[in-house]
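Heads up: the structure comes next, in structure tokens.
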Amino acid sequence: MGSKTPENESRREGDSPASSIKRNALGGEPRGVHLCRDGDGSLGDGGDSDDDEDNQAGAAPLPLTQEHSLVNNPKKKKKRKKSKNKTSPLEQSSPPRVALDKLFPTDQYPTGEIQEYTARVENTSRTTAGEIRYQSRSQLEDDGFLNNYRKGAEIHRQVRRWTQENVRPGQGLNEIALGIEDSVRALLDNDGLEPGASLRSGLGFPTGLALNNCVAHYTPNPGQKDIVLQASDVMKIDFGVHVNGWIVDSAFTMTFDPTYDNLLSAVKDATNTGIKTAGLDVRISDVSAAIQEAMESYEVEINGKSFPVKPVRGLSGHDIKHYRIHGTKSIPFVKNNDQTKMEEGEIFAIETFGSTGRGRVTDGLGVYGYGKDFYAPKRITSSLSSARSLYQKINENFGTIVFCRRYLERLGVQRYLAGLNNLVSQGVVEMYAPLMDIEGSYSAQFEHTILLRESHKEIVSRGDDY
């Protein structure tokens, strides 16, 4: 989920233009468990008819009703049928509905891609403050913590694989978002409907489905007309999975027209360059400069006209903290003078956005989602009872996890808009708007979550797709 830089602080709420057509069903029939066939390929006892030729010549055939003499006649050899009890290993269904714990009964999940650090800059001074900060992040070397993070990453891989294989033009964005989110909850084996359930595990933030010049932060919400995916669209899919408050943040871009291949290649290259450059004691400014250089080396031709791929200003990568998708450090996609260093034990979402437009974003119409301020009090005073009850519901189900109106209605919350606006006006809840480049432009996004461990970095969300 892209972190917005401080330049664009204005917010406004309205309806997002959309169109709707009848949607196709998302996904296919669930795949069952394959049964093994009989190994001898015979039907009944007819497969043994040729064995009679082995008897002595001239021997009188016995009636079918007469028992064979085991003393006077040779023993008839019968083929032993193979057992039918063998079954293939449990596989993920389509759409994904098999809980990950059942696919990994030992509760050991795949390790992400391991990259060694480049030459590390040694600091000869005593860094007492840095050592203290590391002690608070030493969980990155804890096996239980790592396994939980890897579980979230494996769920992300399985859900996005299904998304890439099944999402097609003609489907509504609401259907696509629900398919992704229902799959994440099913693999976590947690529907998130009981108080506190979504704090144990769930979505890291509302599923982002931003099309074309909408660079980031769009999700279908109640009251909007459903937008239908077109064959000419460039769609950024950004969703998160959290286990015990630690969020796997990863995003990719889908297109159905090879025209945009170079746009996707530019952004993917920039993201991988950022990942390669990141490391212990590396300055934020160095990562940003490497990202910009990689992305600006590409251009894309659309309808006979060439467009340079521009890194998007106003958005940035970010560190991830417990129950906080956006921490305190940001990694812009353009050169800067930020001398802040990455430190051991930190978790970063390394992401980039590239655009054929101006490469700058402004707030669009509508609302993407809401997030409780990390420093907000546990209780508030308000003249609106709806605001007080809604704030309690937010604390019970989301805490500081970003949520959207669709999530509130899923919990059965009704008539919440006045209370929600009151919480925003008090400053205890922040509202996020869609972020737009100029109309007619196209944008792409790729993102991975990396863990800066003691001896190497682990790209925990890496898959064979990107």
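The values are calculated or read from the model by the stated rules, or taken from the named source; none is laboratory data. Remember, it's a predicted structure, so these values are computed and weren't measured experimentally. When we count neighbours, we look across all protein chains shown, and the Cβ atoms used for this are built from the backbone with ideal geometry, even at glycine. Accessible surface areas use protein heavy atoms only, side chains included; no ligands, DNA or RNA. Shrake-Rupley method; radii C 1.70, N 1.55, O 1.52, S 1.80 Å.
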Checklist outcome for this item: Per the filter on segment 442-464, residues assigned to a loop (DSSP other than H, G, I, E, B) and of a type in the set (Val, Ile, Thr) are 460
Next on the checklist: Regarding segment 301-308, can at least one residue be identified that is at pLDDT 95 or above, open to solvent by less than 30 Å² (accessible area, probe 1.4 Å), under 22 Å from the mean Cα position of the chain (by Cα) and at negative phi?
Outcome noted: no
Next on the checklist: When the residues of segment 236-284 are narrowed to those that are under 21 Å from the mean Cα position of the chain (by Cα) and among the polar types (S, T, N, Q), which ends up nearest to residue 321 (Cα to Cα)?
Outcome noted: 244
Checklist entry - Conditions: (1) open to solvent by 10 Å² or more (accessible area, probe 1.4 Å); (2) assigned to a loop (DSSP other than H, G, I, E, B); (3) modelled with pLDDT of 95 or more; (4) closer than 25 Å to residue 320 by Cβ. Residue 164 meets all but one. Number of the miss? => result (2)
Checklist entry - Only one of these conditions is not met by residue 335: (1) open to solvent by less than 10 Å² (accessible area, probe 1.4 Å); (2) assigned to a loop (DSSP other than H, G, I, E, B). Which number is it? => result (1)
Checklist entry - Which residue, of 388, 406, is among the basic types (Lys, Arg), under 23 Å from the mean Cα position of the chain (by Cα) and either modelled with pLDDT under 95 or on the phi < 0 side of the Ramachandran plot (or both)? => result 406
Next on the checklist: Quick test for you: out of 251, 278, pick the one residue that is within 13 Å of residue 354 (Cβ to Cβ) and modelled with pLDDT of 95 or more.
Outcome noted: 251
Next on the checklist: Just checking, does segment 367-375 include any residue being among the aliphatic types (A, V, I, L, M) and under 20 Å from residue 215 (Cα atoms)?
Outcome noted: yes
Checklist outcome for this item: Counted residues in segment 425-456 being of a type outside the set (Phe, Trp, Tyr), modelled with pLDDT of 95 or more and touching an Asp or Glu at 6+ places or on another chain (Cβ under 9 Å) come to 17
Item to check | Checklist (1) under 30 Å from residue 198 (Cβ atoms); (2) touching a Lys or Arg at 6+ places or on another chain (Cβ under 9 Å); (3) surrounded by fewer than 18 Cβ atoms within 10 Å (Cβ to Cβ) applied to residue 322, failing item | outcome: (2)
Checklist entry - If you go through segment 339-362 one residue at a time, how many are touching a residue at least 60 places away in the same chain (Cβ under 8 Å) and either surrounded by fewer than 19 Cβ atoms within 10 Å (Cβ to Cβ) or within 30 Å of residue 454 (Cα to Cα) (or both)? => result 16
Next on the checklist: Return the residues of segment 311-328 that are hydroxyl-bearing (Ser, Thr, Tyr) and under 14 Å from residue 248 (Cα atoms); say none if nothing qualifies.
Outcome noted: 323
